[in-house]
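Below is one structure, written out as structure tokens, with a few remarks after it.
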Amino acid sequence: MKIAVASGKGGTGKTTLSVALSLSAEVPVILLDCDVEEPNCHLFVGIEEDESRDVFVPIPEIDKGKCDNCGRCAQFCQFNAIASLGSSTLVFPELCHSCGGCMKVCPKGAISEKNRLIGRIGSGRRGDLSFASGTLEIGNPMSPPLIKEVLKRAESGRLVIIDSPPGTSCPMVAAVSEADFVILVTEPTPFGLHDLKIAVETVREIRKPHCVVVNRCDSGDDRVERYCAEQKIEIALKIPDDRRVAVAYSRGGTILDAMPEMRAEMRRMLNKISTKLGEMG
Amino acid sequence: MKIAFSSSGDSLESPFDSRFGRCRKFIIYDDAADSFEVVDNSQNLNAAQGAGIQSAQNVVKAGVAAVVSGHCGPKAFRALSAAGVKVYNCEFRTVKEAVQAFKSGGLKEADSADVEGHW
């Protein structure tokens, strides 16, 4: 069972919840930190990385000896990653989506592929908790290829918790794409509600069963609850706004350190999701 | 020689556009003939990425030796430099004013991009 923890708005508590779920489960867990632009699960799970691997994507390399600057590669590229400028043809690696189309359309066979480093994956294990985390290279604008590599660390038949990047664009979609269930974490503020609506639209579009967790539930108003009731979306858990959580967090502790009673809540939520998915077949 | 001016319309009286990658039109001025033609650039207005690169290809295809615009980002500058096109950054109200400033030699050639991408 793969559960992605996502949100529209950043800072609502995705990592807090992902870590708490992973540390509460009664079965072995694989925790995947897919928030590759700023991964931080490792700060809370206390696992030393015992493996690190670089991740590359293929990008075109043009053999100037064979290229006659006909411009077909530039014309083909939908991402403007190649420019044909009269007497020269330029590649802009950071715009390339690695489709390989330019190589296919080149009549001179002048384009080959070379590797471009986009980030690295670190992983480790402690007891029943396996952990993998992606870190995007600074300056690289494209995270989905790295997120997809992190997701390959999932194993079928295991409980997998995916900490997704914020937002609802390609990185978030990549992170939740293989999940069986999505937990949307929000907060009862106007921003929280606004971005929750966009996140709900997104998971509906890609047909993922989902529920909502309201973090700092007593800090705002009841509009998130009213919205969920109207839309018939289950609020699976409400986490109170408690200073003890902030204190624990500032020391690298988890919500379970601050509110031990949350462990039972996390287990209850995991069991409920598992039952729901079982019923759906 | 031909010089491309970024513009939001298709005449010399049109407002000068300070954006290179996402200007609506290029006024391609020929100083020898004192005439101009218009190159449409509107397909780049909503490009997700690479607007500057596409604009550079457009003006290179039009055969210009120089570009006069408000600002030029790093990818556009790299593309224009590769094609040997000179870049001049300036601020004017209309294209006509920019043309006059260019003809009088009052513009200084840029030796690098003057803004980050997606400014």
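Since every read-out is calculated from the coordinates, none of them should be taken as a lab result. On a predicted model such as this, the values are computed, not experimentally measured, just so you know. Please note: Cβ atoms are built from the backbone with ideal geometry, for glycine as well, and neighbour counts cover all protein chains shown.
Only one residue in B:Val87, B:Val60, B:Val95, B:Val67 is more than 14 Å from chain A (Cβ to nearest Cβ) and not charged (D, E, K, R), so which one is that?
Details: B:Val87 fails: more than 14 Å from chain A (Cβ to nearest Cβ); B:Val60 fails: more than 14 Å from chain A (Cβ to nearest Cβ); B:Val67 fails: more than 14 Å from chain A (Cβ to nearest Cβ).
Just one listed residue meets the conditions, B:Val95.
How many of the residues making up segment A:62-76 are more than 9 Å from chain B (Cβ to nearest Cβ) and crowded, with 20+ Cβ neighbours inside 10 Å?
At the first step, the residues of segment A:62-76 found to be more than 9 Å from chain B (Cβ to nearest Cβ) are A:62-70, A:72-73, A:75-76.
Narrowing the set further to residues that are crowded, with 20+ Cβ neighbours inside 10 Å leaves A:62, A:73.
Result for segment A:62-76: 2.
If I ask for residues that are aromatic (Phe, Trp, Tyr), touching a helix residue (DSSP H, G or I) at 6+ places or on another chain (Cβ under 8 Å) and more than 24 Å from A:Gly86 (Cβ to Cβ), which ones from segment B:81-119 would you list?
The first filter runs over segment B:81-119 and keeps only residues aromatic (Phe, Trp, Tyr), leaving B:88, B:92, B:102, B:119.
So of that shortlist, the ones also touching a helix residue (DSSP H, G or I) at 6+ places or on another chain (Cβ under 8 Å) come out as B:88, B:92.
Answer for segment B:81-119, where residues must be aromatic (Phe, Trp, Tyr), touching a helix residue (DSSP H, G or I) at 6+ places or on another chain (Cβ under 8 Å) and more than 24 Å from A:Gly86 (Cβ to Cβ): just B:Phe92.
Quick check, is A:Ile59 in contact with a Ser or Thr (Cβ under 8 Å, 6 or more places away or on another chain), surrounded by 15 or more Cβ atoms within 10 Å (Cβ to Cβ), without any contact (Cβ under 8 Å) to a residue 60 or more places away in the chain and not in a loop (DSSP other than H, G, I, E, B)?
It is true that A:Ile59 is in contact with a Ser or Thr (Cβ under 8 Å, 6 or more places away or on another chain), surrounded by 15 or more Cβ atoms within 10 Å (Cβ to Cβ), without any contact (Cβ under 8 Å) to a residue 60 or more places away in the chain and not in a loop (DSSP other than H, G, I, E, B).
State which residue pairs qualify: first residue without any contact (Cβ under 8 Å) to a residue 12 or more places away in the chain and inside segment B:67-86, second residue of a type in the set (Ser, Thr, Tyr) and part of a strand (DSSP E or B) in any location, beta carbons under 9 Å apart, and separation of 6 or more residues or different chains.
B:Ala82/A:Ser88; B:Ala82/A:Thr89
(1) assigned to a loop (DSSP other than H, G, I, E, B); (2) within 14 Å of chain A (Cβ to nearest Cβ); (3) within 20 Å of B:Ala110 (Cα to Cα): which one isn't true of B:Asn46, the others all being true?
(3)
Quick one: how many residues across segment A:138-152 are crowded, with 16+ Cβ neighbours inside 10 Å and more than 20 Å from A:Glu178 (Cα to Cα)?
Looking only at segment A:138-152, we keep the residues that are crowded, with 16+ Cβ neighbours inside 10 Å, and these are A:140, A:142-151.
If we keep only those that are more than 20 Å from A:Glu178 (Cα to Cα) too, we end up with A:140.
Qualifying residue count, segment A:138-152: 1.
Is it the case that some residue within segment B:56-71 is more than 10 Å from the chain's Cα centre (by Cα), surrounded by 20 or more Cβ atoms within 10 Å (Cβ to Cβ) and polar (S, T, N, Q)?
yes
Among the residues of segment A:77-118 satisfying the criterion of being facing another protein chain (nearest Cβ under 10 Å), assigned to a loop (DSSP other than H, G, I, E, B) and touching a helix residue (DSSP H, G or I) at 6+ places or on another chain (Cβ under 7 Å), which is nearest to B:Phe77 (Cα to Cα)?
Top of the filtered list is A:Phe92.
Only one of A:Pro188, A:Pro166 is farther than 21 Å from A:His42 by Cα and crowded, with 20+ Cβ neighbours inside 10 Å. Can you tell me which? First the steps, then the outcome.
On the way: A:Pro166 fails: farther than 21 Å from A:His42 by Cα.
The conditions single out A:Pro188.
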